[in-house]
Amino acid sequence: MNLLSARLSALSPSETFAMAQKSNELKAQGIDVINLSVGEPDFTTPDHIKQAAKKAIDDNFSFYSPVAGFPDLKKAICEKLQKENGLEYTPAQIVVSGGAKQSLCNVILSIVDKGEEVIIPAPYWVSYPEMVKLADGRSVFVHAGIDQDFKITPQQLEEAITPKTKVLILCSPSNPTGSVYTKEELKAMAAVLEKHSGIYVIADEIYEHINYIGQHESIAQFDTIRDRVIVVNGVSKGYAMTGWRIGWIAAPQWIASACSMLQGQYTSGPSSISQKAAVAAYTGDQSCVSEMKVAFERRRNLIVSLLGEIPGLNVNNPMGAFYIFPECKSYLGKSYNGKTLNSATDVAMYLLEEAHVACVGGDAFGAPGCIRLSYATSDENIQKAVARIKVALGRLS
C-alpha cells in the first residue's frame, strides 16, 4: 500500500543529489573519485563573514527572527540592488528565506494555480519542474540547444505563450549551462512579455556574481514589465555560503506579502545567525567575490580547452556560473565491456564507474544529449578528471 500523498508521489528525486551520493559511496570504498557533479563553490566562507556570525552568537541572536528577515539584512539587500543593479526596492518588498530554493518555491506556490502554465527554458535546473508540480501547475519546456548557447529566442518565447501561461522562469547565469543573457537579449524578451500583461517572470539570479561578460543584467531593469518580475538571489554561490541557507526575493509588494504569509506557516524566518553573516557579506569587503570569480574564470578557460580536445564532444564557452554542458550525442549507442550507452545518464554512470569522475546526465536537465560538469574544483582536479574522461570515452566503440 502506498501511503504517500499523490503530491509527493508525483515528484522525482534530484539527479544531482543522487549522483553526489553515488560518488560518496565509491569514495567510502576507497576509490579515488573526482566529483564534478557538485553545484557549490569549493571555497570556504570568507573570514569577515564568519566573524560576523561568531559575533552574532556572542550577542545572543539566538531567538526567532521576523518571518521575512531581519530589517538590517533587508536594508542591506535593497542597498545592494540599488548599487549593483540600479534597481529600487523597499525593505517591505524583500523576503529572506532558507536559501534561494525556498525563495523560488515560495513564489511558485504563491502565484501558480492548478492547471496554469509555467514556461521553463530547457536545459533547466532540476528543481524547477518539481516545484511547478507541487503547485499543481504545468511546465511548458522551450528547448535551446548548444547551437544557441542554450538560450531561447524571443520568437520561441512568443510561440510558447498560451492563455494559460502564468510564469516564465529565467535563470541567468544558468544552471546547468553557464549561459548568460545579454542586456539586448533580455530587452527583446521583455518586449514579448510587455504584450502579455498576465505573465510574471521569476528571475533566478543566484549566480549573478559569477559572470564573465562584465556587468550582470537583470530583466527587472525594464520598466514596462518591472511590476511583474520577481528577482531571486542569495549568498550561496557568490559568497561561498551554500550551507548557511540564505536566499531572498525582491518582488512587487503583494507577492512579497504572500510569500511572507506562506513562509510564516511552514518554516517561519530563516536562521538568525546566518542572516547576520549575510549582512556582513553584503556590507563588507567585496574583494572575496571578485577573487573567486577570477579563479572560476581561469578554471572555465582550462576545462573548455581540455574538453575541446576530446573527439566527439561538442563544447561551447559558458559565460557564467561554474558549469560546462558539453554535448555527448556522438557517444550514444556505443559500448564498452558489453554495456551500451543509450542516454546521457548512461554516459554519466559510465564515466563514474570507468573513469571515476562524477558528473550528471543531461536527461535530468531536459537535455538528453548533454552532460553537466562543475568546475568548482582545483585546476589539478580538472586536469586529472578530463584526462580520465578522455581515456574512458576513447574505449567506446
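The values are calculated or read from the model by the stated rules, or taken from the named source; none is laboratory data. Just so we're clear, the structure is a prediction, and the values are computed from it rather than from any experiment. As a convention, Cβ positions derive from the backbone with ideal geometry for all residues, glycine included, and neighbour counts pool all protein chains shown. The area values use the complete protein model at the heavy-atom level, side chains included, leaving out ligands, DNA and RNA. Shrake-Rupley method; radii C 1.70, N 1.55, O 1.52, S 1.80 Å.
Note on the stretch 10-66: among residues that are at pLDDT 95 or above and under 21 Å from the mean Cα position of the chain (by Cα), the one that is surrounded by the most Cβ atoms within 10 Å (Cβ to Cβ) is Leu36. Annotation: Glu88 fulfils all but one of (1) farther than 22 Å from Trp125 by Cα; (2) out of contact with any Cys (no Cβ under 9 Å at 6 or more places or on another chain); (3) open to solvent by 60 Å² or more (accessible area, probe 1.4 Å); (4) of a type in the set (D, E, K, R); the unmet one is (2).
Ile152 passes every criterion in (1) in contact (Cβ under 8 Å) with a residue 40 or more places away in the chain; (2) in a loop (DSSP other than H, G, I, E, B); (3) touching a His at 6+ places or on another chain (Cβ under 9 Å) apart from (1). For the stretch 205-216, does any single residue satisfy the condition of being at pLDDT 95 or above, touching a Pro at 6+ places or on another chain (Cβ under 6 Å) and open to solvent by 30 Å² or more (accessible area, probe 1.4 Å)? No: the stretch 205-216 contains no residue that is at pLDDT 95 or above, touching a Pro at 6+ places or on another chain (Cβ under 6 Å) and open to solvent by 30 Å² or more (accessible area, probe 1.4 Å). Report yes if Lys276 is assigned to a helix (DSSP H, G or I) and over 30 Å from Gly369 (Cα atoms), otherwise no. Criteria met by Lys276.
Please count how many residues of the stretch 112-155 are open to solvent by 40 Å² or more (accessible area, probe 1.4 Å) and either of a type in the set (Asp, Glu) or within 23 Å of Thr182 (Cα to Cα) (or both).
Counting residues in the stretch 112-155 that are open to solvent by 40 Å² or more (accessible area, probe 1.4 Å) and either of a type in the set (Asp, Glu) or within 23 Å of Thr182 (Cα to Cα) (or both) gives 12.
Selection of the stretch 235-256 for residues being surrounded by fewer than 22 Cβ atoms within 10 Å (Cβ to Cβ) and among the polar types (S, T, N, Q) yields Thr242, Gln253. All conditions but one from (1) farther than 18 Å from Lys50 by Cβ; (2) in contact with a helix residue (DSSP H, G or I) (Cβ under 9 Å, 6 or more places away or on another chain); (3) of a type in the set (Gly, Ala, Ser) apply to Gly308; the one that does not is (2).
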